Amino acid sequence: DPVEAVRAIAGREPDVIFECVGVPGTINDAIQMSPIQGRVVVAGVCMEQDTFLPVFGIMKEVELKFVLAYLKDEFQAVIDALADGSLPAEPMISDVIDLAGVPDAFRALSKPTTQTKILIEL
């Protein structure tokens, strides 16, 4: 239960819940987890029709906000920082594999892992 995990760490419910999965039902789950006058920020891109029960959001006065993850200028700023060395890429890379290792890497990603960024060397 993510709300219980936040409560254990912070001693209270989260003020903001970020839905970053993009799977049908997760917006409804986030609204139900939200505290009174909480905020749900939807960043996950759901490519299927989804439904939620507005009454839960209404009863709690939940703010529901949809956002676009990145802007073109943000991509350019990161590319520039990587190119000039002011943003080192190495700490983000958890594994470097060859093409033959791709199937095993995807199988490993089906379970919780410490991987963050996997590079494929050809």
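The values are calculated or read from the model by the stated rules, or taken from the named source; none is laboratory data. A quick note: this is a predicted structure, and the numbers were derived from the prediction, not measured. Cβ placement follows ideal geometry from the backbone for every residue including glycine, while neighbour counts extend to all protein chains displayed. Keep in mind that these areas ignore ligands, DNA and RNA; they rest on the heavy atoms of the full protein, side chains included. Shrake-Rupley method; radii C 1.70, N 1.55, O 1.52, S 1.80 Å.
If you scan segment 47-64, which residues turn out to be among the β-branched types (Val, Ile, Thr) and touching a helix residue (DSSP H, G or I) at 6+ places or on another chain (Cβ under 6 Å)?
Passing the criteria: only VAL62.
Just checking, does segment 23-33 include any residue being in contact with a strand residue (DSSP E or B) (Cβ under 8 Å, 6 or more places away or on another chain) and exposed (fewer than 12 other Cβ atoms within 10 Å of the Cβ)?
Checked against the condition, which is being in contact with a strand residue (DSSP E or B) (Cβ under 8 Å, 6 or more places away or on another chain) and exposed (fewer than 12 other Cβ atoms within 10 Å of the Cβ), segment 23-33 yields no hits at all.
Would you confirm whether any residue within segment 19-40 is within 18 Å of the chain's Cα centre (by Cα), assigned to a loop (DSSP other than H, G, I, E, B) and at positive phi?
Yes, the conditions are met somewhere in segment 19-40.
I'm checking my understanding of the structure. Among residues of segment 93-122 that are loosely packed, with under 10 Cβ neighbours inside 10 Å and not charged (D, E, K, R), which one is nearest to LEU82 (Cα to Cα)?
Step by step, filter segment 93-122, then rank; the result is LEU122.
Can you name every residue in segment 60-80 that is among the hydrophobic types (A, V, I, L, M, F, W, C), open to solvent by 100 Å² or more (accessible area, probe 1.4 Å) and more than 16 Å from ILE27 (Cα to Cα)?
Those that are among the hydrophobic types (A, V, I, L, M, F, W, C), open to solvent by 100 Å² or more (accessible area, probe 1.4 Å) and more than 16 Å from ILE27 (Cα to Cα): LEU71, PHE75.
Say we look at segment 32-47 and pick out the residues that are touching a Gly at 6+ places or on another chain (Cβ under 9 Å) and at pLDDT 95 or above; which of these is nearest to VAL3 (Cα to Cα)?
VAL40
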